[in-house]
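Peer 1: Have a look at the structure that comes next, please.
Only the coordinates and a few stated rules stand behind these numbers; no lab work does. Just so it is clear, the model here is predicted, and its values are computed rather than measured. Note that we place each Cβ from the backbone using ideal geometry, even for glycine, and neighbour counts take in every protein chain shown.
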Amino acid sequence: MILNKSLDSFGNYCMFMWRSIGVPEKWKVFFRRYMDEMAKLGIDSIPLILIVSLFIGSLCTILIKLNINNPLLPRYTVGLTTREIILLEFSSSILCLILSGKIGSNIASEIGTMRVTEQIDAIDIMGINSANFLVMPKVLGLITIMPFLVTICMATSLFGGYLICVLTSIVDPKTYIFGIQTMFIEWYVWFALIKSLFFAFIISSISSYYGYTVQGGSIEVGKASTNAVVMSNIMILVVDVILTKLMLQ
Amino acid sequence: MIEVKGVEKSFDDVGGRRQVLFGINATFYDGKTNLIIGQSGSGKTVLVKNIVGLFRPDVGQILYDGRDITMMDRKQLKELRKEIGMLFQGSALFDSETVLGNVMFPLMMFSSMSQDEQRERAQFCIDRVNLTGSENKYPSELSGGMQKRAAIARAISLNPKYLFCDEPNSGLDPTTSIVIDELLSDITHEFGITTIINTHDMNSVMGIGENIVFINKGHVGWIGNKDEIYNQDNDDLNNFVYATDLFRDVRRYRLVHGYQKSKQQTADS
Ligand SMILES: Nc1ncnc2c1ncn2[C@@H]1O[C@H](COP(=O)(O)OP(=O)(O)OP(=O)(O)O)[C@@H](O)[C@H]1O
Ligand SMILES: [Mg+2]
């Protein structure tokens, strides 16, 4: 029963995405909306990213220091491990989980409200492909801006770790800096950036789908935005496991 | 001219399908205000959504000057849609755009006009619906009646051949309703539009009903105009027409005087 329903939703989701692919009616309008979405979904999320990254970076450093108080391990291990955690998992997957709460609910409620107030019907009636018109700029906008957000997150997190070293001297800042440079594998950065593209697609498309298919009134819009966030989170985790297995082994 | 021929529509419901429209036949004329009336839940909105192609009928044809919308592919449908304007029950203005932005939207998407010409055309439409001065307001800053008028301006911006209005004066006070009705009626005659208005407001029916289609539980119950609507003996329609207190007295009076007289006349002739 549940399997049946999930397959059904998945089929509908695929059909929705298929419908949203297409050449925009007017490139000028598309481009304007694309820029707007990048600003709204991406740039506006930067303060949140800065705050979260700064704290998580410093927390990582503190907790790792706490757990590897072993004289056999070199002192730069703290920096190194912090870096690996940030690059491999936090800056892409965890960041996207956090962002999906903000961006996903924003997209789902915006499109859902347009659905229940017949604005989407109004677009359709004009002969515009509403799925394409509404969803494309969001999906492409978020995919474009996401790698930048991830990069900002990486830098801020590592800086957060550095800051805590300077402020509390749990680790010598110089050792920390040495740690985050040691045994650096460039591929990990690419890995995070590539993953983030997938996550950006997941967040924007799933949330759009939930918003677009709302039926009823404002209560349903609320439900749809919750469902959008939950489903995006699940899919991010699933895809995360798959990509990590494929790309790191 | 829009001809609806034998249209039926049903929806999935708990425990099977529920039919909403049963063999609807009706014709809507150019340059006339065509009204679809009927009780709440009788299927008016469903009928209009079938006509504009938001729903596809189970059986039947819908001919726009001979072109059958039910047989169109996506491209033809798109072409036809450029000739259609629609006013939704809840106005459906874009919240993120100003009045001017809303009215310019169809022009921006479909016309080859320059920015200035678009603005000029939009301004003409806004002036036409007496919203001059509210161009830069957002929909949330407008009253219900002003939103309706802004939506009318948007619907007529591309010079549509067909204009659909779903309950244009629901939620409006009687005076504003009359303003909207007259506006729709004037626009229809001025530009020769085929206007289809979906309503259960008897004031509109009496005011602007040039061609009235009465829908009763998914069937066409009666077709006529605002003068004929007094002189008919369709019980369902009479229940609908004389439902308000105001008209109940009229009905009582007519039962004693007019109604019988008209029956007498038909009996005589
Ligand atoms: N998308 C839909 N799916 C299933 N049933 C629907 C759908 N739309 C409408 N209906 C049903 O069709 C019937 C007619 O609805 P419709 O909205 O056409 O009524 P209406 O005449 O416009 O009423 P009102 O004057 O209140 O707007 C209702 O019983 C409604 O439940
Ligand atoms: Mg209705």
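Peer 1: Suppose we take every Cα in the range A:160-249 and form the convex hull; what volume per residue is that in Å³? Show your work: numbers first, answer last.
Peer 2: On the way: hull volume 12.1 nm³, N = 90.
Taking the convex hull of the Cα positions in the range A:160-249, it is 134 Å³ per residue.
Peer 1: Let me ask another. Rounded to the nearest angstrom and ordered from largest down, what semi-axes does the equivalent ellipsoid of the range B:195-238 get from its C-alpha gyration tensor (root of 5λ)?
Peer 2: Working: eigenvalues 47, 35, 17 Å².
Values for the range B:195-238, descending: 15, 13, 9 Å.
Peer 1: Taking a cut-off of 22 Å, what percent of all Cα-Cα pairs in the range A:71-147 are separated by more than that?
Peer 2: Percent of Cα pairs beyond 22 Å in the range A:71-147: 49.
Peer 1: Relative to the Cα centre, what is the charge dipole magnitude of chain B, using +1 at the beta carbon of each Lys and Arg, -1 at the beta carbon of each Asp and Glu, and rounding to the nearest 20 debye?
Peer 2: For this selection, approximately 500 debye.
Peer 1: Enter the Cα centre distance for the pair the range B:111-148 and the range B:202-222, rounded to the nearest angstrom.
Peer 2: Here the two parts' Cα centres lie 31 Å apart.
Peer 1: Sum -39500 (n - 2.57) across every DSSP H segment of at least 4 residues in chain A, then divide by the residue count to get the 222 nm mean residue ellipticity, nearest 500.
Peer 2: Per the formula, -26000 deg cm²/dmol.
Peer 1: Can you give the Rg/Rh ratio of chain B, where Rg is from the C-alpha atoms and Rh is the Kirkwood radius?
Peer 2: Dividing the radius of gyration by the Kirkwood radius yields 1.00.
Peer 1: Kindly identify the range B:101-158 as rounded, prolate or oblate by the Cα gyration tensor criterion: order the square roots of the eigenvalues as a ≥ b ≥ c, call it rounded if a/c is under 1.5, otherwise compare a/b with b/c, prolate if a/b is larger, else oblate. Working shown, then result.
Peer 2: Working: a/c = 1.96, a/b = 1.88, b/c = 1.04.
Here the range B:101-158 falls in the prolate category.
Peer 1: Give the distance, in whole Å, between the Cα centre of the range A:1-71 and the Cα centre of the range A:77-134.
Peer 2: Between the Cα centres of the range A:1-71 and the range A:77-134 lies a distance of 5 Å.
Peer 1: Is there a pair in B:Lys82/B:Lys161; A:Lys102/A:Lys138; B:Lys5/B:Lys49; A:Lys26/A:Lys102; B:Lys5/B:Lys44 whose C-alpha atoms are over 18 Å apart, and which pairs would that be? Could the numbers behind the result be given before it?
Peer 2: Working: B:Lys82/B:Lys161 9 Å; A:Lys102/A:Lys138 14 Å; B:Lys5/B:Lys49 15 Å; A:Lys26/A:Lys102 29 Å; B:Lys5/B:Lys44 16 Å.
Table pairs above 18 Å Cα-Cα are A:Lys26/A:Lys102.
Peer 1: Here's something else I'd like to know. Hey, if you put +1 on the Cβ of every Lys and Arg and -1 on every Asp and Glu Cβ in chain A, which of A:Pro173, A:Ile107, A:Leu41 ends up farthest toward the positive end of that dipole?
Peer 2: A:Pro173
Peer 1: Kirkwood hydrodynamic radius, the range B:17-99, all distinct C-alpha pairs: what's the number in Å?
Peer 2: 14.8
Peer 1: Only Cα pairs under 8 Å and at least 6 apart count here; give the relative contact order of chain A as a rounded whole percent.
Peer 2: Once divided by the residue count of chain A, the mean separation gives 34 percent.
Peer 1: Quick check: net charge around B:Asn203, other residues with Cβ under 12 Å of its Cβ, Lys/Arg +1 and Asp/Glu -1?
Peer 2: The answer is -3.
Peer 1: Taking the Cα of B:Phe22, stepping 7 Å toward and past its beta carbon, and measuring to each backbone N in the range B:54-72: which are under 20 Å?
Peer 2: B:57-61
Peer 1: Which one of A:Ile125, A:Ile164, A:Ile85 has the biggest mean-square fluctuation once chain A is modelled by GNM with Cα springs under 10 Å?
Peer 2: In this elastic network of chain A, the residue with the biggest mean-square fluctuation among A:Ile125, A:Ile164, A:Ile85 is A:Ile125.
Peer 1: Turning to a different aspect of this structure: How large is the translational diffusion coefficient of the range A:1-154 in µm² per second when you combine the Kirkwood radius over alpha carbon pairs with Stokes-Einstein at 4 °C and 1.567 mPa s?
Peer 2: It diffuses with D of about 70 µm²/s by this estimate.
Peer 1: With θ taken as phi - 60° and the coefficients 6.51, -1.76 and 1.60, list the Karplus ³J(HN,Hα) couplings across the range B:33-38 in order, rounded to whole Hz; mark glycine and proline as x.
Peer 2: Those phi angles translate into 8, 9, 10, 10, 10, x Hz.
Peer 1: Output wanted: per-residue J couplings in Hz (rounded whole) for the range B:93-102, from phi through Karplus 6.51 cos²θ - 1.76 cosθ + 1.60, θ = phi - 60°, x for Gly and Pro.
Peer 2: For the range B:93-102, the Karplus curve yields 6, 6, 4, 7, 10, 6, 4, 4, x, 4 Hz.
Peer 1: Could I ask something else about it? Between the range B:31-66 and the range A:166-205, what is the separation of their alpha carbon centroids in Å?
Peer 2: Result: 59 Å between the Cα centres.
Peer 1: Show the residues, 5+ positions off or on another chain, whose built amide H is closer than 5 Å to the amide H of B:Leu35.
Peer 2: Result for B:Leu35 returns B:Ile197, B:Glu210, B:Asn211, B:Ile212, B:Val213.
Peer 1: Quote the charge dipole size of the range B:101-158 about the Cα centre in Debye, to the nearest 20; the model charges only the Cβ of Lys and Arg (+1) and of Asp and Glu (-1). Present the calculation step by step, with values, prior to reporting the outcome.
Peer 2: Values: 7 positive and 6 negative charges, 50 e Å.
I would put it at about 240 debye.
Peer 1: Using the Karplus curve 6.51 cos²θ - 1.76 cosθ + 1.60 with θ = phi - 60°, work out ³J(HN,Hα) for each residue of the range A:186-192 in order, rounded to whole Hz, and write x for Gly and Pro.
Peer 2: Karplus values, whole Hz, x for Gly and Pro: 4, 3, 4, 5, 4, 3, 5.
Peer 1: What is the Å³ per residue value for the convex hull set by the Cα atoms of the protein assembly as shown? Present the calculation step by step, with values, prior to reporting the outcome.
Peer 2: Working: hull volume 101.2 nm³, N = 518.
Dividing the Cα hull volume of the protein assembly as shown by its residues yields 195 Å³.
Peer 1: Using the basic label-point model (7 angstrom from Cα toward the beta carbon), what is the B:Asp127 to A:Leu246 distance in nanometres?
Peer 2: 6.0
Peer 1: Under 5 Å between amide hydrogens, which residues at least 5 positions from B:Phe55 or on another chain qualify, with H placed 1.01 Å from N in the peptide plane?
Peer 2: B:Asn50
Peer 1: Give the shape of the range A:26-248 as rounded, prolate or oblate, defined through the alpha-carbon gyration tensor: a ≥ b ≥ c are the square roots of its eigenvalues, a/c under 1.5 means rounded, and otherwise the shape is prolate if a/b is larger than b/c and oblate if not. Please report the intermediate quantities before stating the final value.
Peer 2: Numbers: a/c = 2.71, a/b = 2.53, b/c = 1.07.
It comes out prolate by the Cα gyration axes.
Peer 1: I would also like to ask the following. Label A:Leu167 and B:Arg119 with points 7 Å out from Cα along Cα→Cβ: what is the distance between them in nm?
Peer 2: In this crude spin-label approximation the distance works out to 5.1 nm.
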